[in-house]
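The values are calculated or read from the model by the stated rules, or taken from the named source; none is laboratory data. What you are looking at is a predicted structure, and each value in this text was computed from that prediction instead of being measured. Counting neighbours? That spans all protein chains shown, and the Cβs are built from the backbone with ideal geometry, glycine included.
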């Protein structure tokens, strides 16, 4: 009897949406040349919606700025009519950062930085990362934004007085959050529900370029009862504040003159992802007792933070891993669970309540 031939794995169908013919060609060739993708292209958002109905892609790369229908408008239609993973293609500028963060809030999974110079050369340099992001996005769970709820919450909390950063005393403890792909949308579920009198500072390491973290902090600040700041210089930590690690650097927690300080340092090449969650948590454990620390591992590719948070639990701290049911990508929290390093495994909409219950 002849043995049945093994069927070749199905190729990933990607729709590339961009008003630049050169960008469409370079991206299409990049994906097709891997042998793992087949690709179609669209020249603007309106064309993309027609192509999605005809082609039914597994994943969409979507330019932000296009004529006829821009990327944000197109994305809102995709999430409402054809929900599927979308990776934004954005310029690495302040304006581009704001639009990209809005897109991530609307449900996009991740983003690619659009080159400002020679497109083919710059994309060739980061081609492996682009392909990896888009391939990972096909395994992600797109999450539709709850923009109305966030807008309502922001209006209410902006009208209320903000807490004043407390005292010169070192905080009694610290919450450390590590997050990557899918993080901006997930953090919008976790940080705004924290009460204005939350007694510990919260430090967030979100894998994100330097051009984006300032805009990201400002966006969260409009949603949260707590003040949100990007850490761009050595900063004493205080209750009533959420600190976002600046992109393009790592962030260390140190003790200096009786204070707990967050200090940005150059990216450590020994770590793959930045700002490094592993390095953040390890430095906090060196500066404070483990029982005074809570680690939260959220959605993201890879395993950044998992080993350090597992060590934190073993040393007497507490940890939370986001549950697979809500994680856009279960890589980082899944690795923490695999290592036996999670005190709790929770969907993202239960994490804020657990933090408040632990830290009274």
Yes/no for residue 260 being in the same structural domain as residue 351 (by TED's automatic domain parsing), touching a strand residue (DSSP E or B) at 6+ places or on another chain (Cβ under 8 Å), surrounded by 18 or more Cβ atoms within 10 Å (Cβ to Cβ) and more than 13 Å from residue 173 (Cα to Cα): no
Filter result for residue 29 (within 17 Å of residue 114 (Cβ to Cβ), over 26 Å from the mean Cα position of the chain (by Cα) and surrounded by fewer than 16 Cβ atoms within 10 Å (Cβ to Cβ)): yes
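One line per residue, one yes/no per condition, for (1) within 19 Å of residue 203 (Cα to Cα); (2) in the same structural domain as residue 182 (by TED's automatic domain parsing); (3) surrounded by 24 or more Cβ atoms within 10 Å (Cβ to Cβ):
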{"site": "255", "(1), (2), (3)": "yes, yes, no"}
{"site": "290", "(1), (2), (3)": "yes, yes, no"}
{"site": "305", "(1), (2), (3)": "yes, yes, yes"}
{"site": "308", "(1), (2), (3)": "yes, yes, yes"}
{"site": "314", "(1), (2), (3)": "no, yes, no"}
{"site": "321", "(1), (2), (3)": "yes, yes, yes"}
{"site": "337", "(1), (2), (3)": "no, yes, no"}
{"site": "354", "(1), (2), (3)": "yes, yes, no"}
Residue within the stretch 327-340 that is out of contact with any strand residue (DSSP E or B) (no Cβ under 7 Å at 6 or more places or on another chain), farther than 25 Å from residue 217 by Cβ and modelled with pLDDT under 95 present: yes
Residue in the stretch 195-215 that is surrounded by the fewest Cβ atoms within 10 Å (Cβ to Cβ), counting only those that are touching a strand residue (DSSP E or B) at 6+ places or on another chain (Cβ under 6 Å) and not in a loop (DSSP other than H, G, I, E, B): 214
Residues that are assigned to a loop (DSSP other than H, G, I, E, B) and at pLDDT 95 or above, drawn from the stretch 45-68: 56, 57, 58
Yes/no for residue 88 being part of a loop (DSSP other than H, G, I, E, B), under 22 Å from residue 142 (Cα atoms) and without any contact (Cβ under 8 Å) to a residue 40 or more places away in the chain: no
Of the criteria (1) in contact with a helix residue (DSSP H, G or I) (Cβ under 8 Å, 6 or more places away or on another chain); (2) modelled with pLDDT under 95; (3) under 30 Å from residue 340 (Cβ atoms), which one residue 260 fails: (2)
Residue within the stretch 269-277 that is part of a strand (DSSP E or B) and either in contact with a helix residue (DSSP H, G or I) (Cβ under 8 Å, 6 or more places away or on another chain) or surrounded by 15 or more Cβ atoms within 10 Å (Cβ to Cβ) (or both) present: no
The lone exception for residue 300 - which of (1) out of contact with any strand residue (DSSP E or B) (no Cβ under 8 Å at 6 or more places or on another chain); (2) surrounded by 19 or more Cβ atoms within 10 Å (Cβ to Cβ); (3) modelled with pLDDT under 95 it fails: (1)
Top-ranked residue of the stretch 220-239 - restricted to ones that are in contact (Cβ under 8 Å) with a residue 40 or more places away in the chain and part of a loop (DSSP other than H, G, I, E, B), ranked as surrounded by the most Cβ atoms within 10 Å (Cβ to Cβ): 224
